[in-house]
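Accompanying notes for the structure given below.
The values are calculated or read from the model by the stated rules, or taken from the named source; none is laboratory data. These numbers were taken from a predicted model, which means no experiment stands behind them. For neighbour counting, all protein chains shown are included, and Cβ atoms are generated from backbone atoms with ideal geometry for every residue, glycine included. Each accessible area value is taken on the protein alone, full model and side chains, heavy atoms only, with ligands, DNA and RNA left out. Shrake-Rupley method; radii C 1.70, N 1.55, O 1.52, S 1.80 Å.
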Amino acid sequence: MARRLPEKPLDAPILQRAIDAASDVILIYSVDRATGSLILSYVNEAFTRQTGYVAQEAIGRSLESFRLAMPDDDGMREIRAAFAEGRPGEAELVSYRRDGSSYWNEVTMHPIADKGEITHWISIERDISEDVARTSALAEEHARLVALVRAARRIFTSFDARRLVETVKDVGRELLGVPLRVLGADPAGAAVEVNELARGGVLSPGTVDPLVARAIAGRQRVVDDSQTHAVVYAGQYGDTHYLIDMRVPAGRKLRNTDVFVVDLIAEYFAVAARNVALYQELESRRSAVLELNQTKSDLIAMLAHDFRGPLTSVVGYADLVGEVGRLNDEQRDFMAAIKRSALQLSELATDTLTLSRLERNEVALQLGDVDLGALVESVAAGYADRRQVPVDVRGDVHVIGDDDRLRQVFSNLIDNAIKYTPSKLPPAITVAESGDNVIVEVRDRGIGIPAGEVASIFDRFSRASNARRLRISGTGFGLFLSKQLVALHGGTIAVDSHEGEGSTFTVSLPRRVARARTPRTVVVLDAERDSSFLAYGLRDAGYRVRTAASFEDAIAIVDSETVDAFVIDDDDLSTDAAARIRAFAHERRIPIVATEGNGYARLGAIASVPKPVLAGDVMAVLERLG
Ligand code: ADP
């Protein structure tokens with residue numbers, strides 16, 4: 001049903017009463033034609049309630065004159081602009097009452113025009129002080145919460161016994177504005193201030209402090225009678241109890257928020273102290289394992305290396321025997337078998353060496369132009385005494401790659417194709433260009449791989465059951481190695497195989513090695529060598545990591561290999577050292593990632609990461625480097 005409109009406008013007195021009764025302040029200004037200034041010509045009753053001015057005092061005065069001071073803030077500027085442009089305006093600004101007190105005022109202005117000329121302005125105003133207070137209280141809460149979360153992060157990531165204590169003190173100073181002390185105490189409450197967590201008991205416990213004794217006994221917070229000193233129990237580490245001690249300056253008492261925050265810090269501390277203990281345990285076990293692994297790697301590398309010398313002699317002399325006297329056919333066959341076995345052993349030694357380097361992320365490709373057709377042909381020719389292997393080359397098959405490493409890959413594949421084909425049928429090889437890639441296919445009609453074992457055949461030491469059953473000798477790391485080497489080139493390797501029918505191994509190599517695919521080398525410059533956790537994390541993620549204890553060490557590393565970034569974790573870097581590193585890194589175009597702190601800007605670092613440095617943070621920056 002359509003609503004019926006009143007036939008004529010409401011009477012002015014009725015409107016007047018409505019305006020007078022409104023809870024918002026309503027003001028009407030008339031525009032002085034001569035001067036253009038705004039003269040207050042009407043105020044409602046809410047105006048008096050809000051400002052303390054009675055109508056008679058205000059009416060007739062100009063807008064600029066009756067306020068104590070017009071603030072020059074964003075709100076006032078918006079209102080002035082609205083006046084100047086003759087358009088409606090809206091702003092929140094500080095206004096003043098008659099008694100000089102201030103309040104937050106939400107102002108909406110509307111011009112009223114007569115025949116295109118503005119004759120009046122209506123201003124509707126509302127006191128929003130309470131809303132503003134509520135919002136700013138929220139903002140304050142938010143800021144405090146963010147600060148607490150940050151503090152938690154800093155404390156939880158302090159894995160070092162000394163750094164944890166330092167961090168707790170820093171956090172106390174920042175959050176509470178008072179110095180905190182960390183106390184170590186024996187169970188009786190004899191306490192002394194400490195700078196780090198001690199594994200054993202406290203070295204020189206002082207006299208028994210009753211507050212400390214009570215805090216330890218109750219595992220709780222104790223506040224002294226004057227309400228200026230609090231001792232909060234913060235857990236045990238080794239045989240020592242730890243407490244956080246807070247004193248507020250003279251003339252001030254502990255507030256609820258102080259106590260709340262120091263309780264929280266103590267809780268964080270307790271968890272972090274457990275982390276420190278676990279981390280130290282982990283670290284000592286890890287270094288034992290690393291050391292063992294290193295010894296193993298060194299041993300393997302040494303053996304593999306020392307094997308190759310004598311093997312070269314065996315091959316050389318096997319060739320020479322025929323030249324120093326006539327051999328009968330049988331002798332010649334024997335010599336060929338000796339030579340073949342020696343070459344096989346030598347390849348095994350090379351693969352072993354590569355494997356141990358790969359484990360340490362130490363395989364750096366020596367890139368150059370490689371004619372894959374010629375390379376595969378020459379590898380195949382090496383097997384001519386066992387089998388003739390035809391190679392079909394189609395199109396332009398040049399790639400940028402590492403000649404020696406690619407030779408290793410195809411030796412493995414061709415060797416397998418011959419080894420796992422007891423029928424002596426020769427494998428067929430094609431090398432063909434395919435857009436931005438070159439594809440090499442090695443196809444044999446040998447024993448094949450059982451269906452359920454194909455998926456894991458590239459795993460380290462994986463050998464198929466049929467190969468073992470037939471007692472075909474092998475180590476099971478040739479394919480693993482090949483896959484890694486192909487991946488270093490940014491390529492892929494795949495197999496299609498059917499037991500009893502044969503296998504086809506397909507290697508696809510990009511013509512150019514994409515930069516992002518090769519592992520990056522990072523030098524961690526850290527005088528105290530306490531970034532091992534960082535180094536471990538980076539290595540785990542596939543980076544090559546070198547640690548340097550000094551700037552000189554770092555230079556030596558950069559001189560011997562390509563370095564992609566420096567990670568510098570050193571607060572005590574002198575200005576001079578920082579300047580030298582900066583100049584050096586600039587000259588070699590090596591980006592620097594530094595830990596947050598004073599050194600960051602001086603080093604000209606491209607990014608900073610929070611302390612203590614975590615691998616994830618550094619990786620995020622390195623990934624951005626592209
Ligand atoms: P190895 O040949 O020394 O055992 P590889 O890593 O080269 O080690 O190969 C792993 C396993 O994959 C082999 O033991 C074998 O079971 C299987 N395999 C590899 N190539 C072939 C092939 N061409 N035909 C059948 N099986 C193969």
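Within region 372-402, the set of residues being of a type in the set (D, E, K, R), surrounded by fewer than 16 Cβ atoms within 10 Å (Cβ to Cβ) and in contact with a strand residue (DSSP E or B) (Cβ under 9 Å, 6 or more places away or on another chain) comprises Asp392, Arg394, Asp396. Only one of the listed residues (Leu175, Leu243, Leu183, Leu254) is open to solvent by 40 Å² or more (accessible area, probe 1.4 Å), under 24 Å from Ala151 (Cβ atoms) and of a type in the set (A, V, I, L, M, F, W, C). That residue is Leu175. Within region 137-156, the set of residues being over 20 Å from the mean Cα position of the chain (by Cα) and either closer than 21 Å to Val182 by Cα or aliphatic (A, V, I, L, M) (or both) comprises Ala137, Leu138, Ala139, Ala143, Leu145, Ala147, Leu148.
For region 140-162, check the following and say yes or no: at least one residue is surrounded by fewer than 20 Cβ atoms within 10 Å (Cβ to Cβ), without any contact (Cβ under 8 Å) to a residue 60 or more places away in the chain, touching a helix residue (DSSP H, G or I) at 6+ places or on another chain (Cβ under 8 Å) and of a type in the set (A, V, I, L, M, F, W, C). Among the residues of region 140-162, at least one is surrounded by fewer than 20 Cβ atoms within 10 Å (Cβ to Cβ), without any contact (Cβ under 8 Å) to a residue 60 or more places away in the chain, touching a helix residue (DSSP H, G or I) at 6+ places or on another chain (Cβ under 8 Å) and of a type in the set (A, V, I, L, M, F, W, C), which makes the answer yes. Would you point out the residue of region 79-110, among those that are touching a residue at least 24 places away in the same chain (Cβ under 8 Å) and part of a loop (DSSP other than H, G, I, E, B), that is farthest from Glu64 (Cα to Cα)? It comes out as Arg87. Of all residues in region 422-448, those that are closer than 13 Å to Gly373 by Cα and open to solvent by 60 Å² or more (accessible area, probe 1.4 Å) have Cβ atoms under 8 Å from Cβ atoms of residues that are more than 12 Å from the ligand (Cβ to nearest atom) and among the charged types (D, E, K, R), 6 or more apart or on another chain, in Glu433/Arg394; Glu433/Asp396.
Among residues of region 446-494 being assigned to a loop (DSSP other than H, G, I, E, B) and either among the polar types (S, T, N, Q) or not assigned by TED's automatic domain parsing to the domain that holds Ile418 (or both), the one that is farthest from the ligand (Cβ to nearest atom) is Ser456.
Quick one: which strands (runs of 3 or more DSSP E) sit completely within region 387-435 and have at least 3 residues that are within 16 Å of the ligand (Cβ to nearest atom)? If you could, list the steps in order and put the result at the bottom.
Working: elements: 391-394, 398-401, 428-434.
The qualifying strands (runs of 3 or more DSSP E) are 428-434.
Checking each residue in region 583-605 for being more than 17 Å from Arg520 (Cα to Cα), at pLDDT 75 or above and under 19 Å from the mean Cα position of the chain (by Cα) picks out Ala594, Thr595, Ala605.
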